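Structure record follows, encoded as structure tokens.
The values are calculated or read from the model by the stated rules, or taken from the named source; none is laboratory data. Just so we're clear, the structure is a prediction, and the values are computed from it rather than from any experiment. With ligands, DNA and RNA removed, areas are computed over all heavy atoms of the protein, side chains included. Shrake-Rupley method; radii C 1.70, N 1.55, O 1.52, S 1.80 Å.
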Amino acid sequence: MAEDEFLTLRERIYLLLKESPEPLDARTIASHLGLPDSERGRVEEALRHLYRSVKRRSGGMESLEVVPARCLDCGYVFPKKEGEFKKPSKCPRCKSQRIEGPWFYIRSKKK
Ligand SMILES: [Zn+2]
């Protein structure tokens, strides 16, 4: 769609998450939008902004939710910290670097 070019990165991420049947991580979001993995920082920055703005702009009907990252080796789940959208580099429990997530989705309140 040519009109995609007129949407900001934030809007494109918002629409992508809204249409996705499952939570997506920043790398998957970047690849869906045709961005190289090196642009992941921009995606994380946009997610941080969306986290604050989605609720306000939807009048409280929608929110950006975060599924915390976890360690693939020992199952450690990283604590949810507000505004922490980057993939952790290392597991504090087993020191593994095989980390998955965090994932993001838009939650809509049913009327
Ligand atoms: Zn671990």
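I'd like the distance between the alpha-carbon centres of the stretch 1-59 and the stretch 74-111, rounded to an integer number of Å.
Between the Cα centres of the stretch 1-59 and the stretch 74-111 lies a distance of 17 Å.
ASP73 accessible area, nearest 10 Å², 1.4 Å probe?
About 90 Å², ignoring ligands and nucleic acids.
At 1.4 Å probe size, with every protein chain present, just tell me what the per residue accessible area of the chain comes to in Å². The partial results should precede the final answer.
Working: 7440 Å² over 111 residues.
Accessible area per residue: 67 Å².
Any chance you could run the full-extension gain for HIS32 through GLU100? It's 0.36 nm times the residue separation minus the Cα-Cα distance, nm to one decimal.
Details: separation 68, 0.36 × 68 = 24.48 nm, distance 1.77 nm.
The HIS32-GLU100 span can extend by a further 22.7 nm.
In deg cm²/dmol and to the nearest 500, what is the mean residue ellipticity at 222 nm of the chain if only DSSP H runs of at least 4 residues count, each as -39500 (n - 2.57), divided by the residue total? Don't skip to the end; give the middle numbers.
Details: 3 runs with 36 residues, N = 111.
Result for the chain, helices only: -10000 deg cm²/dmol.
Take the chain, compute every pairwise Cα distance, and split them into 10 Å bins from 0; I just need the percent in each bin.
In order of increasing distance, the bins hold 14, 44, 31, 10, 1 percent.
With everything on Cα atoms, drop me the angle between helix 40-57 and the longest principal axis of the chain, reported from 0 to 90° to the nearest 10.
60 degrees
Taking all protein chains together and a probe of 1.4 Å, list VAL66, VAL77 from the most accessible to the least accessible. Write down the numbers at each step before the final one.
Values: VAL66 20, VAL77 85 Å².
The ordering from most to least exposed comes out as VAL77, VAL66.
Taking the Cα atoms only, what angle lies between the long axis of helix 9-19 and the longest principal axis of the chain, rounded to 10 degrees?
Here the helix axis deviates by roughly 80 degrees.
On the accessible surface of the chain, probed at 1.4 Å, how many percent belong to carbon and sulfur atoms?
Details: 3600 of 7440 Å².
For the chain, the apolar C and S fraction of the accessible surface comes to 48 percent.
With the Cα gyration tensor of the stretch 17-62 giving a ≥ b ≥ c as the square roots of its eigenvalues, does the rule (a/c under 1.5 for rounded; else a/b larger than b/c for prolate; else oblate) give rounded, prolate or oblate? Could the numbers behind the result be given before it?
Values: a/c = 3.22, a/b = 1.65, b/c = 1.95.
Verdict is oblate for the stretch 17-62.
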